[in-house]
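Sharing a structure with you now.
The values are calculated or read from the model by the stated rules, or taken from the named source; none is laboratory data. In this text the structure is predicted, and so the values were computed from the model without any measurement. Heads up, the Cβs are rebuilt from the backbone with ideal geometry, glycines too, and the neighbour counts pull from every protein chain shown.
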Amino acid sequence: MIRALTYLIRGDLEAAQQDRASADVVTMPRNLVSPIRAILRRLAFALLVVVAAAMAIFLDRDGYSDTQGNGLSLLDCFYYATVSLSTTGYGDIAPSSPSARLLTTVVITPLRVLFLIVLVGTTLEVLTDRSRQAFRVQKWRSKVRDHVVVIGFGTKGRAAVKTLMGDEDVEPNRIVVVDTDQDALDAASARGLVTVHGSATRADVLRVAGVQRARAIVVAPNRDDSAVLVTLTARELAPKAHIVASVREAENVHLLKQSGANQVVISSETAGRLLGIATSTPRVVDMVEDLLTPETGLAIAERPVEPSEHGGSPRHLPDTVLGLVRDGTLHRVDSPHADSIEPGDRLLYVRKVTPVEEAGA
């Protein structure tokens, strides 16, 4: 695998981005109604119109006659209602009395118009749905800026989206999910997220997702080699975006760093460390889980320093400060660089989630 990764990194990236014959689909979040349910609803309404027309004719059946001068049975009423509402009109049954002509004018004709509206409306909805969706996608792409692109909607991708929507308070329509699994995209669309169907190793797919205007990109595929290639492609298209990638093996971290990832999270080793700690000090694992879960208990947060805190020590603040970020570099609270707070610094601290926040989460 590493040999293949090295070939991809040293080789021409364009060779891995060819074969663009398949169309990639963007899906905007919307309130979906089952097509079968919509068709059955319209069919039931059309049948109701036919029954109403047939009953109206049956009540005045003496005013109608067929070509042989016979009266109408109930079946004849339904037949006449069907051919009249569908505008077929064979002429084998016709109103012969003034009351029947009046009934046809004030009841059957409006019902015929309503029946046609149901049929034509169903047809137009099918024909215009694709155009309407394309217009929404075009409008979204022209306006979206500073959004978050999540590549891969598996376990890691879903957890990242949950954190973005909860702790970071990012609107669902400002999160774009890219995946090749349609079931995963359907699950993302059900949460109100914008989805793009296609392989994120291809530059054209990432352009559709708008990575060149994204503020952050979360790379969470199931394979480390895919993560490297996706990161390479994303960094080429978005030089200023903050890219966070996940890998399973620690030996591939340097590949992600060389590919342009700002931060790399080792999923397997992190889980392994927690498993090892849990064998001797399980409460430590509980505390770590509490800190990583922003909905309840304690959470790790970041905030800018206040003017009154300039010049002071972060260790003397009421908050439990873990580190200090200066010029994009993180310094632990026990580092000499964190002895004095300077303007523009940001603090990483332990925040307690209040009951109000828990209720709103």
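Return yes or no: is THR201 under 19 Å from LYS156 (Cβ atoms) and over 16 Å from the mean Cα position of the chain (by Cα)?
Considered against the rule, which asks whether it is under 19 Å from LYS156 (Cβ atoms) and over 16 Å from the mean Cα position of the chain (by Cα), THR201 comes out as yes.
Would you pick out the residues in the range 162-178 that are more than 15 Å from ALA245 (Cα to Cα) and assigned to a strand (DSSP E or B)?
ILE175, VAL176
PRO304 is checked against (1) touching an Asp or Glu at 6+ places or on another chain (Cβ under 8 Å); (2) over 30 Å from VAL161 (Cβ atoms); (3) exposed (fewer than 13 other Cβ atoms within 10 Å of the Cβ) and fails just one. What number does that condition carry?
(2)
Quick check on the range 244-263. Is at least one of its residues on the phi > 0 side of the Ramachandran plot and either assigned by TED's automatic domain parsing to the domain that holds ILE151 or at pLDDT 90 or above (or both)?
yes
Hey, among the residues in the range 219-247 that are in a helix (DSSP H, G or I) and charged (D, E, K, R), which one's nearest to ASP204 (Cα to Cα)? Don't jump to the end; show me each part of the working.
We begin by selecting, within the range 219-247, every residue in a helix (DSSP H, G or I); these are 224-237.
Those still in the list that are charged (D, E, K, R) too: 224-225, 235-236.
On the way: ASP224: 21, ASP225: 19, ARG235: 14, GLU236: 12 Å.
The residue in question is GLU236.
What number of residues in the range 179-211 are of a type in the set (A, V, I, L, M, F, W, C) and part of a strand (DSSP E or B)?
2
For residues that are without any contact (Cβ under 8 Å) to a residue 12 or more places away in the chain and over 12 Å from the mean Cα position of the chain (by Cα), scanning just the range 166-178, find the one that is surrounded by the fewest Cβ atoms within 10 Å (Cβ to Cβ). Steps first, answer last, please.
Looking only at the range 166-178, we keep the residues that are without any contact (Cβ under 8 Å) to a residue 12 or more places away in the chain, and these are 168-169, 171.
Going one step further and asking which of them are over 12 Å from the mean Cα position of the chain (by Cα), we end up with 168-169.
Numbers: GLU168: 12, ASP169: 7.
Once the filter is applied, the top-ranked residue is ASP169.
Restricting to the range 144-161, name every residue that is surrounded by fewer than 14 Cβ atoms within 10 Å (Cβ to Cβ) and either of a type in the set (Lys, Arg) or assigned to a strand (DSSP E or B) (or both).
ARG145
In addition: Which residue, of LEU75, LEU32, LEU40, LEU13, is loosely packed, with under 12 Cβ neighbours inside 10 Å, of a type in the set (A, V, I, L, M, F, W, C) and either closer than 30 Å to VAL228 by Cα or modelled with pLDDT of 80 or more (or both)?
On inspection, the qualifying residue turns out to be LEU75.
Follow-up. Pairs, please: C-beta under 6 Å, at least 6 apart or cross-chain, first residue within 16 Å of ASP60 (Cβ to Cβ) and in the range 71-86, second among the small types (Gly, Ala, Ser)?
As it stands, the answer is CYS77/ALA54; PHE78/ALA54; ALA81/ALA53; ALA81/ALA54, since those pairs meet every condition given.
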